[in-house]
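The values are calculated or read from the model by the stated rules, or taken from the named source; none is laboratory data. Everything numeric here is computed off the predicted structure, so don't read it as measured data. Cβ sites come from the backbone with ideal geometry, for glycine too, and all protein chains shown count toward neighbours. The accessibility values were calculated without ligands, DNA or RNA, using every heavy atom of the protein model including side chains. Shrake-Rupley method; radii C 1.70, N 1.55, O 1.52, S 1.80 Å.
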Amino acid sequence: MSQVTARQITAAKIAGRQITGTQIGASAGGATPVNNAFVSEWSTTVVDETITIPTQNIGTFNAVVDWGDSSPPETITAYNGFSHTYATAGDHTISITGTFPNIYINNNAAIKLKIKKVLNLGTVGWTKLERAFKGCSNLTEFTAGSTNTSAVDSLNGTFQNCTSLASLNVSSFDTSLVTDMYALLYGAALTSLDVSSFNTSNVTDMQYMFGACSALTSIVGVEDWDITGLNST
């Protein structure tokens with residue numbers, strides 16, 4: 001494995017700024033997850049507002065969704081069927097179990113401001129996380145928790161322009177198949193980060209991975225990254 005420093009990784013075009021390899025304490029994040037569900041918190045501001053969880057038409061969906069209100073859990077097998085109208089305004093905790101291979105907010109103006117937290121990514125058969133939370137500027141906390149991302153091959157723009165994201169725990173991420181980390185955390189509000197669990201042996205693109213992360217001064221784990229596969233251009 002190629003041993004590198006944070007300064008060398010910056011030179012490899014991960015970010016437009018330099019970050020030291022200072023050690024930080026325990027990984028940031030929320031409470032220990034109690035199940036394998038994908039658990040997230042969303043906000044509505046008016047009565048009868050609809051939350052839509054956008055996805056790509058990739059993979060098989062067979063999920064049970066608990067919308068966090070008085071309605072019964074809903075089984076959904078169509079990739080575009082993740083919508084619910086809330087009778088009251090406020091914060092709603094949505095829990096998804098079963099098979100839910102991707103989420104694709106991708107800067108969607110109608111939904112990107114409504115998600116506030118991911119409390120547990122869950123083991124729901126993830127295959128795609130590229131641009132999953134891109135543009136979610138009200139997302140303040142992300143805890144992968146109990147999850148399995150071993151089938152995910154791209155983290156391109158996953159948290160790009162999540163400008164309020166100050167708490168991120170990705171210690172359970174399996175990145176062994178990931179080839180693309182372009183702009184993964186571009187613009188995040190993080191001050192410290194632990195990426196020591198990342199396997200970067202197959203990654204070819206890390207450009208702007210930490211770009212515009214103006215508050216990020218401490219990062220753990222980059223010194224052990226394998227960057228031998230990075231594109232030279």
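Structural remarks
- Hits in the range 125-164 - residues which are crowded, with 24+ Cβ neighbours inside 10 Å, over 24 Å from T204 (Cα atoms) and under 11 Å from the mean Cα position of the chain (by Cα): C136, L139, F142, T143
- Pair list, Cβ under 6 Å, 6 or more apart: the range 99-124 residue touching a residue at least 40 places away in the same chain (Cβ under 8 Å), other residue among the acidic types (D, E) and open to solvent by less than 50 Å² (accessible area, probe 1.4 Å): K116/E41; K117/E41; K117/E141
- Test: residue in the range 207-217 that is β-branched (V, I, T) and under 19 Å from the mean Cα position of the chain (by Cα): no
- Scanning the range 83-104 for residues that are farther than 17 Å from T123 by Cα and either outside any loop (DSSP other than H, G, I, E, B) or open to solvent by less than 50 Å² (accessible area, probe 1.4 Å) (or both) yields S83, H84, T85, Y86, G90, D91, H92, T93.
- V178 vs. criteria hydrophobic (A, V, I, L, M, F, W, C), over 11 Å from the mean Cα position of the chain (by Cα) and under 19 Å from T52 (Cβ atoms): no
- Residue pairs whose Cβ atoms lie under 8 Å apart, separated by 6 or more positions or on different chains, with the first residue in the range 32-55 and over 15 Å from I111 (Cβ atoms) and acidic (D, E) and the second modelled with pLDDT of 95 or more and not in a loop (DSSP other than H, G, I, E, B), are D48/T85; D48/Y86.
- Condition check for S232: in a loop (DSSP other than H, G, I, E, B) and free of Cβ contacts under 8 Å to residues at least 24 places away in the same chain: yes
- For the range 48-69, a tally of residues being open to solvent by 50 Å² or more (accessible area, probe 1.4 Å) and under 22 Å from N36 (Cα atoms) returns 8.
- Hey, V118 assigned to a loop (DSSP other than H, G, I, E, B) and modelled with pLDDT of 95 or more or not: no
- A count restricted to the range 173-210 and to residues that are closer than 18 Å to L139 by Cβ, outside any strand (DSSP E or B) and out of contact with any helix residue (DSSP H, G or I) (no Cβ under 9 Å at 6 or more places or on another chain) stands at 10.
- Boolean, S172 is without any contact (Cβ under 8 Å) to a residue 24 or more places away in the chain, open to solvent by 30 Å² or more (accessible area, probe 1.4 Å) and either of a type in the set (G, A, S) or farther than 22 Å from Y104 by Cα (or both): no
- Candidates N107, N80 - the one that is of a type outside the set (F, W, Y), open to solvent by 50 Å² or more (accessible area, probe 1.4 Å), over 21 Å from S154 (Cα atoms) and assigned to a loop (DSSP other than H, G, I, E, B): N80
- Unique match (being of a type in the set (A, V, I, L, M, F, W, C) and within 17 Å of T123 (Cα to Cα)) among A183, A151, A166, A189: A151
- For the range 133-145, the criterion of being farther than 22 Å from T97 by Cβ, out of contact with any Leu (no Cβ under 8 Å at 6 or more places or on another chain) and assigned to a loop (DSSP other than H, G, I, E, B) is met by at least one residue.
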